[in-house]
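Rule-based calculations on the coordinates, nothing more; no lab input. Quantities reported herein were computed from a predicted structural model and do not represent experimental measurements.
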Amino acid sequence: MAKGRMKTGYPGVYYYEQSRAGGSGTEKVFYIVFKQGGKVYEEPAGRQYRDNMTAAKASRIRADRIEGRKEAPGAARERKNAEKVAQANRPTIARLWEWYLEANPGLKGIVTDKNRFAKHLEPVFGQKLPTEIDPMSVDRFRVMMGKTHAPATVANALELLRRIVNFGVNRGLCDAPRFKIRLPKVDNLKTEDLSPEQLRSLLAALDAADNQAVADIMLMALHTGMRRGEILRLCWADLDFRTGFILIRTPKGGRSERIPMNPQARALLEGLVRTSDFVFPGRDGGQRVELRRAVRRICDAAGLPQDFRGLHGLRHAYASMLASSGEVDLYAIQKLLTHKSSAMTQRYAHLRDDALAKASAVAGRIVQQVQDMNCTGVPHSAIARHPAESTIKSG
């Protein structure tokens, strides 16, 4: 039996002498050598007897490979592997989200973003490229989601989608869509307040609450105006009882802030038992994460409206009480609430204006009463002695 590769009369067609398959003796096994996609391949074309292969047939197979009518098995495998890699790395919204998380591991609010993506964005946009998203698909998403969710929730979902797309475009990971994702305008300036009767009812409900740990957290919000997350992250090391200040680490504004500890907050904090590094720990001593239902039960027991937003509402009530007192300017309120800019604090401006208007009206009423007394002939001295009293009684 001849050894090695033997030439035929056709270019790129060779054969080997091998034992005959299924019979005695030997037979030719034809191979073809060709270039496809810039790469050289050697491929078996068939056996002389088993496949009825000849050099001429092998040459025709080789021609099909060269001209691209048929793909070489090795090239097909490589193509499929390349397609799998390309598919895995396609800059879909879901893939961009994975890269976004890798690039921003410690981003604040990332847990909320993860839930928002999984619940709202991934089912609709996850497998789409940014360029495959069009204005109509965004409008349909906004309308459908708006049927079951608040406008602010819809806006937050679209903001996250826009953030993911911008991340991919800015890093050269994907092409930009042909339009800008615009967020719906949301009136996000809702301001809760508590009337004196509601405040009395709430304090009574807090005093009688079964869950005093949650009641203490609500009182802390009412006494300091701190945000929910700021209270739950609060550690004993953040309290300076000597100077009377509370350190708020990484607040919403980004930079750590210090706020004063008023006497009511101090009394509350000094009455707590230290069982953890956290001032208001969860059951295992770690940071508490859930208290929404317990807060709602206390609000219901106090008879507060259903749309009163628990701890966030108490923060607003704190700021509203300061503003409506007329004794605290908006800059001081901004610092106490740790607002990064005055824009958010401006929502309380009308309350302060009302208080100032009432104070200004006192002077007007005093002057008016003097004029009225002049007309009736009552001596000025009587008014001059007790102008404020007469104003208070009549007002």
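Measure up K119/K147; K7/K80; K147/K185; K108/K128 against 22 Å on the Cα-Cα distance and list the ones that go over.
Beyond 22 Å: K7/K80; K108/K128.
Take the Cα atoms of the stretch 96-251, find their three principal axes, and give me the spread along each one in whole Å, biggest first.
56, 36, 26
Suppose we look only past 13 Å in the calculated P(r) of the stretch 251-300. What percent of the Cα-Cα pairs does that tail hold? List each step's numbers first, then the result.
Numbers: 894 of 1225 pairs.
Percent of Cα pairs beyond 13 Å in the stretch 251-300: 73.
How large is ³J(HN,Hα) for each residue in the stretch 307-322, as worked out from phi by the Karplus curve 6.51 cos²θ - 1.76 cosθ + 1.60 (θ = phi - 60°), to whole Hz, x for Gly and Pro?
8, 6, 8, x, 4, 5, x, 5, 4, 5, 4, 4, 5, 5, 5, 5
Can you pull a Stokes-Einstein diffusion coefficient for the stretch 196-351 at 4 °C (1.567 mPa s), Rh from Kirkwood over Cα pairs, as a whole number of µm²/s?
Result for D is 80 µm²/s.
Under 5 Å between amide H atoms, partner at least 5 residues away or on a different chain: which partners does T8 have, H built in plane at 1.01 Å?
Long-range HN contacts for T8: V13.
Tabulate in residue order the Karplus-calculated ³J(HN,Hα) for the stretch 36-46, using 6.51 cos²θ - 1.76 cosθ + 1.60 with θ = phi - 60°, rounded to whole Hz; enter x for Gly and Pro.
So the J values, rounded to whole Hz, are 9, x, x, 10, 8, 10, 10, 10, x, 9, x.
Using modelled backbone amide H atoms (1.01 Å from N, in-plane), which distant-in-sequence or interchain residues come within less than 5 Å of R90's amide H?
Amide H neighbours of R90, under 5 Å, 5+ apart: none.
I need the phi-derived Karplus couplings for the stretch 23-35: 6.51 cos²θ - 1.76 cosθ + 1.60, θ = phi - 60°, integer Hz, Gly and Pro marked x.
Result, rounded to whole Hz: x, 8, x, 10, 8, 7, 10, 7, 10, 10, 10, 7, 10.
Show the residues, 5+ positions off or on another chain, whose built amide H is closer than 5 Å to the amide H of M226.
Hits under the 5 Å cutoff: none.
Restricting to Cα pairs below 8 Å that are 6+ residues apart, what does the relative contact order work out to for the stretch 93-170? Please round to a whole percent.
Averaging sequence separation for qualifying contacts and normalising by length gives 52 percent for the stretch 93-170.
Based on alpha-carbon atoms only, what is the radius of gyration of the stretch 93-170 relative to the globular estimate 2.2 N^0.38 Å?
1.05
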